[in-house]
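This report concerns only the one structure given below.
The values are calculated or read from the model by the stated rules, or taken from the named source; none is laboratory data. These numbers were taken from a predicted model, which means no experiment stands behind them. Methodologically, a virtual Cβ is constructed for each residue, glycine included, from the backbone with ideal geometry; neighbour enumeration extends over all protein chains shown. Just the protein is used for accessible areas: all its heavy atoms, side chains included, with ligands, DNA and RNA removed. Shrake-Rupley method; radii C 1.70, N 1.55, O 1.52, S 1.80 Å.
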Amino acid sequence: MSYNTFGHMFRVTTFGESHGVAIGCVVDGCPPQIPITVEEIQRDLDRRRPGQSKFTTQRQEADRVKILSGVMDVDGRQVTTGTPIALLIENTDQRSKDYSEIKDKFRPGHADFTYEAKYGLRDYRGGGRSSARETATRVAAGAIARKVLPGLNVRAALVQMGPHKIDRANWDWNEVERNPFFCPDAVKAKFYEEYLDDIRKKGSSIGAVIEVVAEGVPAGLGAPIYGKLDSDLASAMMSINAVKGVEIGAGFHAAELHGEENADEMRMGNNGPTFLSNHAGGILGGISTGQAVVARFAVKPTSSILTPRKTIDKSGADTDISTKGRHDPCVGIRAVPVGEAMMACTIADHVLRHRGQVG
């Protein structure tokens, strides 16, 4: 049981560690003759790449992706062949010495203790497989997944940092690419600059909430019981590093609504049934409705902070720890393209599963 693979028909296996030679993934089950270029994959990776502003880790990784297999030139176009697509990203800016002082201590909030409990050892150099460095491979796989369903448009945005939520009346998708927070509210993005800079200078961190929206999803994806589209989405989002909560549509807010408010009423439109609201987040009974699929996930504060914290070491002795190095003051920022990738991979998987069941 390796637990390094997700998906059923569109399957992604990731490999590599934060401070290893390279990270990568193998995408299996992708249909043949889908146009894909290394530039398209790189475009998504560049959005997640570290060191692009003072608000993210200053680790300088180019994250240049290489396609090792599964793609070939056909009449001047790069297309998938239907065989496993192997992608490789070299690590070029590891600083393992930053972690030498804490190799025998368990960092509070990190997976150090649990990895030691499970495997009997851990990679103290940046967390190994538990590091968010692994998510670069998911973003690469997501670039391929986006191509499986023509017309699919997956976008995400940071909608809350700490207790500070955006004003949804100011939502502008174009604004997401104009600020370093992937925030759709220009006013709140300006506020986040000073807010997060103060947290960063104190050597602390803060959490965030990310909203992912997939448009162009046809009705009928998913299954009623154990293959629910929303349960698979929740699992995919929860698998992202530092995610501690996931909701679909109205989510936890649905508990505050009356039945008349929550039920998405329907009318017949010129092009078929239409919904008058989308509290369900585009999924009913585990099956997509044809509306936009909407998910949100909460990312906890980065656990690597300068403030001394109480912990224990491998011998069981009480001690204190302060984590040095290059860390995101708000890891939720770079989780935005990762959330997009996991949404795209999940939908691509369900498209192929649906095709396999009903033709």
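Structure above, values below:
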item: Matching residues, the range 205-257, being open to solvent by less than 40 Å² (accessible area, probe 1.4 Å), more than 19 Å from G142 (Cβ to Cβ) and assigned to a helix (DSSP H, G or I); result: G251, A254
item: Some residue of the range 164-180 being closer than 18 Å to T302 by Cα and open to solvent by less than 40 Å² (accessible area, probe 1.4 Å); result: no
item: Criterion (closer than 30 Å to P31 by Cα, under 17 Å from the mean Cα position of the chain (by Cα) and not polar (S, T, N, Q)) met by exactly one of V209, V159, V176, V154; result: V154
item: Test: residue in the range 285-304 that is free of Cβ contacts under 8 Å to residues at least 60 places away in the same chain and touching a Leu at 6+ places or on another chain (Cβ under 8 Å); result: no
item: All positions within the range 111-160 that are over 19 Å from A295 (Cα atoms) and charged (D, E, K, R); result: D112, E116, K118, R122, D123, R125, R129, R133, E134, K147
item: Residue list for the range 265-290, filter: open to solvent by less than 30 Å² (accessible area, probe 1.4 Å) and under 28 Å from the mean Cα position of the chain (by Cα); result: A280, G281, G282, I283, G286, S288, T289
item: Of all residues making up the range 7-27, the number that are open to solvent by 10 Å² or more (accessible area, probe 1.4 Å), part of a loop (DSSP other than H, G, I, E, B), at pLDDT 95 or above and of a type outside the set (G, A, S); result: 2
item: Any hit, the range 322-339, residues being polar (S, T, N, Q) and modelled with pLDDT of 90 or more; result: no
item: Checklist (1) within 30 Å of R200 (Cβ to Cβ); (2) touching a strand residue (DSSP E or B) at 6+ places or on another chain (Cβ under 6 Å) applied to S303, failing item; result: (2)
item: Tally of residues being open to solvent by 20 Å² or more (accessible area, probe 1.4 Å) and within 21 Å of the chain's Cα centre (by Cα) across the range 30-39; result: 2
item: Spans of strands (runs of 3 or more DSSP E) in the range 291-333 with at least 3 residues within 27 Å of the chain's Cα centre (by Cα); result: 293-299
item: Verdict on Y192 being open to solvent by 30 Å² or more (accessible area, probe 1.4 Å) and either farther than 18 Å from M342 by Cβ or part of a helix (DSSP H, G or I) (or both); result: no
